[in-house]
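Undergrad: There's a structure below that I have some questions on.
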Amino acid sequence: MTTILLALIIGAAFGAALDRIGATSPNWIGRMLSLTNLHLMKTIMMAIGTGSVLMFAGQMLGFVDVGHMSVKTAYVGVFIGGLMLGTGWAMAGYCPGTGLGAAAAGRKDAFFFLAGGLLGAAAYMVSYPMWNNSGLLNGQKLTLGTIPGTDYPALSALSGDVVGIVLGFVFVLVAFALPDRLRGEGVPVPAE
């Protein structure tokens, strides 16, 4: 019960943060994707970069238990699913997390988005045997850097923790280096 309560508290805090930075507004997401206002993109990159540095440094220092981490299998279906998610995000103005945050904030269009996502998940579940037999879901666990004690193939000889920290710093630097917009007229950022 404590785990569920903690998950609800953390989820509510995350949703409130998403709402605060404008991520629960399809208008802000549209401006980000059309490159007319990069505030949200910069915030997302900063969060991913900071989280990556903290998580991988925590693993190296023994503060984060790597037993809770897992390497996902890379296969064609992941890339197709990623393209579908990105297309849906651009069309709807929501990704799953921002859609839940928007629904919690009372946006009626977010409820339709969530219903569509649940229907899509149900369709995938029903058609899973077909996709599994197609070979699109076959692949191997592949990492960007080596993970000690495993036999996963890696794209570089560097430690996975080092690669994660370096990529995290790259994300943070890009977030700082990006201008407020790449094209179009400026749009004010959400209230501080």
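Undergrad: Taking 1 over the mean of 1/r across every pair of different Cα atoms in region 1-82, what Kirkwood radius in Å do you get?
TA: The answer is 15.7 Å.
Undergrad: Rounded to whole Å and sorted largest first, what semi-axes of the equivalent ellipsoid does the C-alpha gyration tensor of the chain yield via the square root of 5 times each eigenvalue?
TA: Listed largest to smallest, the semi-axes of the chain are 29, 25, 19 Å.
Undergrad: On to the next question. Convert each backbone phi in region 40-55 into a coupling constant with the Karplus relation 6.51 cos²θ - 1.76 cosθ + 1.60 (shift: θ = phi - 60°), then list the ³J(HN,Hα) values in order as whole Hz, x for Gly and Pro.
TA: 5, 4, 5, 5, 4, 5, 5, 5, 5, x, 5, x, 5, 4, 5, 5
Undergrad: May I pose another question? If you take every residue apart from Ile29 with its C-beta less than 14 Å away from the C-beta of Ile29, what net charge results, scoring Lys and Arg +1 and Asp and Glu -1?
TA: My count for the surroundings of Ile29 gives +1.
Undergrad: Roughly how big is the chain's charge dipole about its Cα centre, with Cβ charges of +1 (Lys, Arg) and -1 (Asp, Glu), in debye to the nearest 20?
TA: 320 debye
Undergrad: Quick one: which residues, 5 or more positions from Lys141 or on another chain, have an amide H under 5 Å from its amide H? H modelled 1.01 Å from N in the peptide plane, none for Pro or chain starts.
TA: Ala74
Throughout, read-outs are computed from the coordinates displayed, never taken from laboratory work. Computed from a predicted structure; not experimentally measured. Positions of Cβ are generated from backbone atoms using ideal geometry, with glycine treated the same way; all protein chains shown enter the neighbour counts.
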